[in-house]
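To start, the structure itself, in structure tokens.
All of the numbers you see were taken from the coordinates with simple rules; none came from a lab. For clarity, every value in this text was computed on a predicted model and none was experimentally measured. Please note: Cβ atoms are built from the backbone with ideal geometry, for glycine as well, and neighbour counts cover all protein chains shown.
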Amino acid sequence: MSADPPLPVVVLISGEGTNLQALIDAIRDDVADYAIAAVFSDRANARGLERARNAGIPAHHVDPNSYSSREAFDRALADAICYYEPGLLVLAGFMRILGPGFVARFADRMLNIHPSLLPKFKGLHTHRRALAAAETEHGATVHFVTAELDGGPAVIQYRIRVRESETEDSLSARVQQGEYIILPRAVGLFAEGRLRLESGRAILDGEALRTPMRVDGD
């Protein structure tokens with residue numbers, strides 16, 4: 001743990017907030033150099049908002065339907081986030097595509113968790129698509145966010161072998177367990193100043209990552 005103040009992090013969610021909970025748990029277990037300053041959701045009934053409030057974290061709903069365009073929503077959300085002066089923005093199951101203007105405001109300080117081994121299966125329904133493609137390996141990726149959907153430099157991946165009896169639900173559950181490992185790890189590395197985005201490349205301990213860090217699961 002650093003003697004410096006913890007890095008303020010804002011987390012965006014849309015649903016259950018289980019990855020948010022993993023970040024909260026890392027703070028509770030005193031293994032994190034970051035503090036969650038606030039949580040935002042585009043859905044009022046997102047379970048993750050309750051998780052945040054239970055942890056004493058400010059939790060906000062910004063309703064996309066209250067704005068005339070995606071760009072207007074993006075501006076309002078970004079303005080609300082900036083109130084907390086985050087050093088890092090984490091997309092932890094946030095299901096809306098953020099436009100280039102939003103991404104530019106938080107350039108080089110946005111991480112996303114995606115349930116596939118990027119660059120494979122960008123977008124939605126990743127587990128279903130992996131099974132349909134008869135993939136033998138699957139997992140999750142933490143990557144820096146750029147204007148390209150799920151296209152920013154990968155930082156760390158959790159990898160598992162796909163079982164013969166695998167279903168979409170079982171594969172999803174197994175991958176999620178890995179997400180809870182790699183997301184706090186990536187956020188922690190950024191908070192410690194060991195991880196950054198520079199000239200479009202992920203830099204770890206002063207060296208460009210040629211391939212993402214790897215965590216193997218069962």
- Message: Let's test the formula: R0 of 22 Å, r as the Cβ-Cβ distance of Arg210 and Ile181. What FRET efficiency results, to the nearest 0.05?
- Response: 0.50
- Query: Nearest 0.05, what FRET efficiency do Arg28 and Ser69 give at R0 = 41 Å with Cβ-Cβ as r?
  - Reply: 0.55
- Message: Charges at C-beta only: +1 for Lys and Arg, -1 for Asp and Glu. How large is the resulting dipole of region 7-216 about its Cα centre, in Debye rounded to 20?
- Response: 260 debye
- Message: From the convex hull of the Cα coordinates of the chain, what is the mean projected area in square nanometres?
- Response: 12.1 nm²
- Message: For the ranges 95-102, 37-44, what's the packing order if you count other beta-carbon atoms within 10 Å of each residue, average per peptide, and put the highest first?
- Response: 37-44, 95-102
- Take each of the peptides 103-109, 79-85, average the number of other beta-carbon atoms within 10 Å over its residues, and list them starting from the highest. 103-109, 79-85
